[in-house]
Number of protein chains: 2
Amino acid sequence: MLTVAQYLNLVLDSVTELPPMELPISEVNGCVLAEDIYARWPLPSFNNSSMDGYAVISADLVDASESSPVILPVVDDIPAGFKSLETLHSGQAIRIMTGAPMPAGADSVIPIESTDGGSESVQIRASIDLGSCIRHEGEDVKAGDLVLGKGTFIGPRQIALIAAVGHGSISVVPKPRVAVLATGSELVEPGTELKFGLISDSNSFLITAAANDSGADAYRLPPAQDDEDKLIHILEDQVHRADLIVTTGGVSMGAYDPVKAAFLKLGTAEFHKVAMQPGMPQGFGSVGDLAIPIITLPGNPVSAYISFETFIRPAIRKMRGLGTLQRPLQSATIRGELNSPVDKVQFARARFIEGGQVEPVGTGQGSHVLGGLAQADALIVIPMGVDRIASGDEVRVINVTGGLA
Amino acid sequence: MLTVAQYLNLVLDSVTELPPMELPISEVNGCVLAEDIYARWPLPSFNNSSMDGYAVISADLVDASESSPVILPVVDDIPAGFKSLETLHSGQAIRIMTGAPMPAGADSVIPIESTDGGSESVQIRASIDLGSCIRHEGEDVKAGDLVLGKGTFIGPRQIALIAAVGHGSISVVPKPRVAVLATGSELVEPGTELKFGLISDSNSFLITAAANDSGADAYRLPPAQDDEDKLIHILEDQVHRADLIVTTGGVSMGAYDPVKAAFLKLGTAEFHKVAMQPGMPQGFGSVGDLAIPIITLPGNPVSAYISFETFIRPAIRKMRGLGTLQRPLQSATIRGELNSPVDKVQFARARFIEGGQVEPVGTGQGSHVLGGLAQADALIVIPMGVDRIASGDEVRVINVTGGLA
């Protein structure tokens with residue numbers, strides 16, 4: 001029997017950060033940068049107006065005021081994206097839009113709000129300081145600056161900077177493609193009428209959604225019968241498509257283990273008992289010519305989910321190139337009591353309630369209690385050596401929400 | 001000039017929760033449930049074994065022990081998904097897999113670990129309590145139970161329950177399709193060489209990624225020139241595709257406002273100055289026969305981002321049917337100082353540092369400073385009436401990370 005930490009290390013050692021891939025910047029949100037990003041040009045890349053108004057020479061407006069406005073002829077008009085061919089001389093104004101290049105000769109911009117907005121001539125009702133309302137070339141970023149380093153997590157704000165400094169595609173660690181397969185002859189598609197002894201497949205939907213919430217590009221396969229040849233055929237289809245294959249079911253202690261047999265025919269696999277509840281039977285290995293990692297979870301949905309959180313979410317994050325693999329453990333006071341097996345870590349489903357407290361959910365903590373799982377937003381982690389938690393005790397808790405709630 | 005709260009209310013009033021849509025459960029992760037979900041059958045839907053082992057009559061094992069095992073003939077073998085046609089009688093065992101239906105006559109399951117795992121006959125080395133290792137029909141969920149209520153946020157754990165109680169498709173509030181269009185004749189695709197006066201479009205990538213991180217199904221359109229007819233054509237393409245159109249640029253105080261003109265030709269629009277920095281010029285309305293909401297943001301990327309966070313993210317969340325629209329404000333101590341316009345709310349870019357402190361980032365807080373924005377993971381919100389924040393002051397902060405970092 002392995003500890004959770006021992007087994008997690010084995011699983012993490014079996015996967016590697018994915019090789020980098022050049023992708024258009026429309027596709028990199030949520031990826032990790034696989035190269036340093038340098039500015040191809042300065043930001044701003046030319047002196048430009050920070051306001052809609054008029055480019056002027058500030059000395060011309062020294063005496064301008066509400067009661068005695070200065071009137072200047074407007075000799076040109078510069079929209080953003082255009083450049084004035086005129087050189088501004090003393091006693092002239094050029095209409096200018098926010099972001100448009102400063103015309104030669106001008107040293108300041110007077111905002112339109114301080115004028116009558118005229119197009120032939122403009123009446124200006126205020127003076128301005130020399131250099132007002134100009135954004136200077138390179139004041140944000142200089143050409144050649146390292147703007148983002150390899151290993152940076154790329155979100156919307158980083159994409160904006162990468163685009164602005166001139167990169168339409170960049171090298172990133174791509175999202176792992178994760179194929180999710182529930183196995184078991186008892187499984188039918190949800191929505192179909194159940195014959196006696198059969199159950200709806202829920203694992204593949206659960207694990208696909210959880211993998212996507214973990215930053216994978218996960219897809220669900222239809223449930224597979226407990227048939228070694230069929231399983232081999234399904235897995236062979238995936239070994240050139242997926243970066244990771246996750247299966248559920250077929251790895252317990254029983255007599256029928258076509259999943260184990262299929263794994264071993266296609267590659268290597270090892271199966272372990274892990275000192276945790278739920279989630280004891282676990283397995284991992286690699287399959288196909290490319291030695292694609294494969295991880296198999298217990299078939300019970302609650303066990304599968306706890307196992308996903310404990311082993312596969314960290315593995316996906318390692319494949320994504322992230323440094324922090326595990327969700328943080330926080331402290332909370334429990335309202336309610338729990339028994340726990342002294343020789344295993346228990347992951348008890350719970351929900352956060354007022355005052356930073358947690359309470360266990362579900363009619364019991366049996367590994368089949370899906371009703372409770374759907375009410376849970378936390379897992380209470382009860383370490384080995386503890387057999388009972390009393391109401392009011394301080395416990396260690398993982399917040400399992402995320403995604404977009 | 002409107003306050004941020006006044007303008008936010010106008011924007012929120014201009015959008016509505018999207019009408020519900022029936023979707024397969026593979027497509028509902030991150031959606032809000034638009035109907036109550038009832039169990040079509042109990043969970044478990046039949047008495048089944050919680051272990052791989054042997055179905056027995058517990059009274060037969062009263063004297064079983066390590067030193068004096070009981071030996072029983074194995075009269076049948078039940079994989080998961082199959083039903084035994086045999087009725088178990090006293091003195092017999094039936095091999096059974098986890099999840100398989102209990103055979104008639106059996107009252108308990110002895111785990112395989114307490115046996116020799118035999119297939120013709122089995123040697124059992126322990127006694128068990130009556131009813132051991134059986135999951136009883138309906139002990140988790142009863143047929144007809146309300147398992148999840150309308151309005152529930154659907155994540156992986158909820159999808160598992162919905163699948164398990166028999167629903168292959170459900171009614172949800174769909175993800176809003178958001179079309180993102182940057183406008184401005186100065187914009188070119190990132191990666192192309194810049195001619196003088198032009199800049200890389202970064203806004204559309206920024207806003208598309210931020211909208212996706214807010215739970216939208218957002219897509220980017222190529223940048224549009226400042227040309228009223230072309231803009232009308234582009235918007236007409238989208239009014240039957242998008243649930244919300246977001247544009248950037250073209251709403252400042254200047255002389256060229258084809259964006260305003262295009263909005264007004266296609267529907268209604270209003271433009272406001274909002275007492276915030278950055279982000280003052282804002283506009284919203286609705287376009288086309290279906291009165292699709294449209295929101296336009298300032299063209300400067302930092303202004304666009306702050307405006308997105310302040311107005312559009314809450315609007316998208318309202319369209320998604322969520323109750324909580326805004327990110328929480330938290331308290332933090334600032335390291336560093338900031339000036340702020342007394343008549344506006346300032347949203348200063350900052351990053352979290354050790355000890356729950358925040359420090360301003362970027363070479364300045366000008367609205368063009370993209371380098372600083374990419375370093376930020378927080379916005380410091382400085383209210384109206386405050387013109388200066390000193391190092392060590394307590395400030396209100398929004399954590400703007402999310403997504404999958």
Notebook entry, point to check: How many residues are within 20 Å of B:THR310 (Cβ to Cβ), modelled with pLDDT under 95 and in a strand (DSSP E or B) when one looks only at the stretch B:331-345?
Noted result: 1
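Anything in the stretch A:31-46 that is in a loop (DSSP other than H, G, I, E, B) and buried (at least 20 other Cβ atoms within 10 Å of the Cβ)? List them, or say none. Spell out how you get there, then give the answer.
First, pick out the residues of the stretch A:31-46 that are in a loop (DSSP other than H, G, I, E, B): A:31, A:34-36, A:39-42, A:44-46.
Selection gives A:CYS31, A:ALA34, A:ALA39, A:TRP41, A:PRO44, A:SER45, A:PHE46.
Across the stretch B:85-99, what is the total count of residues that are of a type in the set (S, T, N, Q) and closer than 19 Å to A:ASP257 by Cα?
As a first pass, look at the stretch B:85-99 and keep what is of a type in the set (S, T, N, Q): B:87, B:90, B:92, B:98.
Going one step further and asking which of them are closer than 19 Å to A:ASP257 by Cα, we end up with B:98.
So the answer is 1.
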Notebook entry, point to check: Any residue in the stretch B:287-307 that is under 15 Å from B:VAL381 (Cβ atoms), among the aliphatic types (A, V, I, L, M), surrounded by 24 or more Cβ atoms within 10 Å (Cβ to Cβ) and out of contact with any helix residue (DSSP H, G or I) (no Cβ under 7 Å at 6 or more places or on another chain)?
Noted result: yes
Margin query: Return the pair list, or none, for Cβ contacts closer than 8 Å from residues in the stretch B:102-116 that are within 13 Å of chain A (Cβ to nearest Cβ) to residues that are assigned to a strand (DSSP E or B) and surrounded by fewer than 22 Cβ atoms within 10 Å (Cβ to Cβ), at least 6 apart or on different chains.
Written below: B:MET102/B:ILE134; B:PRO103/B:ASP76; B:PRO103/B:THR87; B:ALA104/B:THR87; B:VAL109/B:ILE134; B:THR115/B:GLN123; B:ASP116/B:GLN123
Notebook entry, point to check: Which of the residues spanning the stretch A:212-254 are assigned to a helix (DSSP H, G or I) and not hydrophobic (A, V, I, L, M, F, W, C)?
Noted result: A:ASN212, A:ASP213, A:GLU228, A:ASP229, A:LYS230, A:HIS233, A:GLU236, A:ASP237, A:GLN238
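Could you list all residues from the stretch B:80-99 that are more than 9 Å from chain A (Cβ to nearest Cβ) and either more than 26 Å from A:LEU187 (Cβ to Cβ) or small (Gly, Ala, Ser) (or both)? Working first, answer last.
Restricting attention to the stretch B:80-99, the residues satisfying the condition of being more than 9 Å from chain A (Cβ to nearest Cβ) are B:84-94.
Correct list: B:SER84, B:THR87, B:HIS89, B:SER90, B:GLY91, B:GLN92, B:ALA93.
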Check: Out of the stretch B:47-79, which residues are within 14 Å of another protein chain (Cβ to nearest Cβ) and assigned to a loop (DSSP other than H, G, I, E, B)?
Finding: B:ASN47, B:SER50, B:MET51, B:ASP52, B:PRO79
Next item on the list: Pick out the one residue from B:GLN357, B:GLN375 that is without any contact (Cβ under 8 Å) to a residue 40 or more places away in the chain, over 15 Å from B:PRO278 (Cα atoms), within 14 Å of chain A (Cβ to nearest Cβ) and not hydroxyl-bearing (Ser, Thr, Tyr).
Entry: B:GLN375
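For the stretch A:256-268, check the following and say yes or no: at least one residue is polar (S, T, N, Q), in contact with a helix residue (DSSP H, G or I) (Cβ under 8 Å, 6 or more places away or on another chain) and either buried (at least 24 other Cβ atoms within 10 Å of the Cβ) or more than 14 Å from chain B (Cβ to nearest Cβ) (or both).
If we filter the stretch A:256-268 for residues that are polar (S, T, N, Q), which is where we start, we get A:268.
Next cut, in contact with a helix residue (DSSP H, G or I) (Cβ under 8 Å, 6 or more places away or on another chain) only: none.
No.
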Margin query: Restricting to the stretch A:146-156, and then to whatever is in a loop (DSSP other than H, G, I, E, B) and closer than 30 Å to A:PHE46 by Cβ, can you tell me which residue is nearest to the other protein chains (Cβ to nearest Cβ)?
Written below: A:GLY155
Notebook entry, point to check: Hey, B:ALA269 hits all of (1) assigned to a strand (DSSP E or B); (2) of a type in the set (Gly, Ala, Ser); (3) under 29 Å from the mean Cα position of the chain (by Cα) but one; which does it fall short on?
Noted result: (3)
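Restricting to the stretch B:272-288, what's the tally of residues that are of a type outside the set (A, V, I, L, M) and part of a loop (DSSP other than H, G, I, E, B)?
Pass one, the stretch B:272-288, residues of a type outside the set (A, V, I, L, M): B:272-273, B:277-279, B:281-286, B:288.
Going one step further and asking which of them are part of a loop (DSSP other than H, G, I, E, B), we end up with B:278-279, B:288.
Going through the stretch B:272-288 one residue at a time, the tally reaches 3.
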Check: Going by the structure shown, is A:ALA209 of a type in the set (A, V, I, L, M, F, W, C) and either free of Cβ contacts under 8 Å to residues at least 40 places away in the same chain or more than 29 Å from B:SER171 (Cβ to Cβ) (or both)?
Finding: yes
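Sort out which residues of the stretch A:73-93 are over 18 Å from A:HIS136 (Cβ atoms) and crowded, with 24+ Cβ neighbours inside 10 Å, and write them in order of number.
Scanning the stretch A:73-93 gives a single hit, A:ALA93.
Residue by residue, here is whether (1) more than 24 Å from the chain's Cα centre (by Cα); (2) of a type in the set (D, E, K, R); (3) crowded, with 21+ Cβ neighbours inside 10 Å; (4) within 15 Å of B:ALA378 (Cα to Cα) holds:
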residue	(1), (2), (3), (4)
B:THR248	yes, no, yes, no
B:VAL274	yes, no, yes, no
B:THR333	yes, no, no, yes
B:GLU337	yes, yes, no, no
B:VAL342	yes, no, no, no
Margin query: Going by what's in this entry, would B:THR363 be described as part of a helix (DSSP H, G or I) and either over 18 Å from B:GLN6 (Cα atoms) or at pLDDT 95 or above (or both)?
Written below: no
Notebook entry, point to check: Can B:ASN9 be described as at pLDDT 95 or above, under 30 Å from B:SER286 (Cβ atoms), outside the structural domain of B:MET384 (by TED's automatic domain parsing) and part of a helix (DSSP H, G or I)?
Noted result: yes
Notebook entry, point to check: Out of curiosity, is A:LYS175 at negative phi, without any contact (Cβ under 8 Å) to a residue 12 or more places away in the chain and not aromatic (Phe, Trp, Tyr)?
Noted result: no
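Do we have any residue at all in the stretch A:32-39 that's more than 14 Å from chain B (Cβ to nearest Cβ) and either among the hydrophobic types (A, V, I, L, M, F, W, C) or touching a Ser or Thr at 6+ places or on another chain (Cβ under 6 Å) (or both)?
Taking the stretch A:32-39 first, the residues more than 14 Å from chain B (Cβ to nearest Cβ) are A:34-35.
Right, trim to either among the hydrophobic types (A, V, I, L, M, F, W, C) or touching a Ser or Thr at 6+ places or on another chain (Cβ under 6 Å) (or both) and you get A:34-35.
Yes.
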Checklist line | Residue count, the stretch A:157-207 (criterion: within 7 Å of chain B (Cβ to nearest Cβ), of a type in the set (Val, Ile, Thr) and part of a helix (DSSP H, G or I)) | finding: 1
Check: Quick one: is A:ARG335 of a type in the set (D, E, K, R) and out of contact with any Asp or Glu (no Cβ under 6 Å at 6 or more places or on another chain)?
Finding: no
Checklist line | strands (runs of 3 or more DSSP E) fully within the stretch B:80-135 counting 1 or more residues that are within 21 Å of A:SER303 (Cβ to Cβ) | finding: B:93-96, B:108-111
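Being touching a helix residue (DSSP H, G or I) at 6+ places or on another chain (Cβ under 9 Å) and charged (D, E, K, R) is the filter here; which residues of the stretch A:190-225 pass it?
Pass one, the stretch A:190-225, residues touching a helix residue (DSSP H, G or I) at 6+ places or on another chain (Cβ under 9 Å): A:190-191, A:199-225.
Passing the criteria: A:ASP201, A:ASP213, A:ASP217, A:ARG220.
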Notebook entry, point to check: Among the residues of the stretch A:214-228, is any surrounded by fewer than 20 Cβ atoms within 10 Å (Cβ to Cβ), farther than 30 Å from B:ARG40 by Cβ, modelled with pLDDT under 95 and charged (D, E, K, R)?
Noted result: yes
Next item on the list: Could you run through the stretch B:178-203 and say how many residues are polar (S, T, N, Q) and over 18 Å from B:ILE232 (Cα atoms)?
Entry: 4
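The values are calculated or read from the model by the stated rules, or taken from the named source; none is laboratory data. The structure displayed is predicted, hence computed values, not measured ones. Virtual Cβ from ideal backbone geometry, glycine too; neighbours counted across all protein chains shown.
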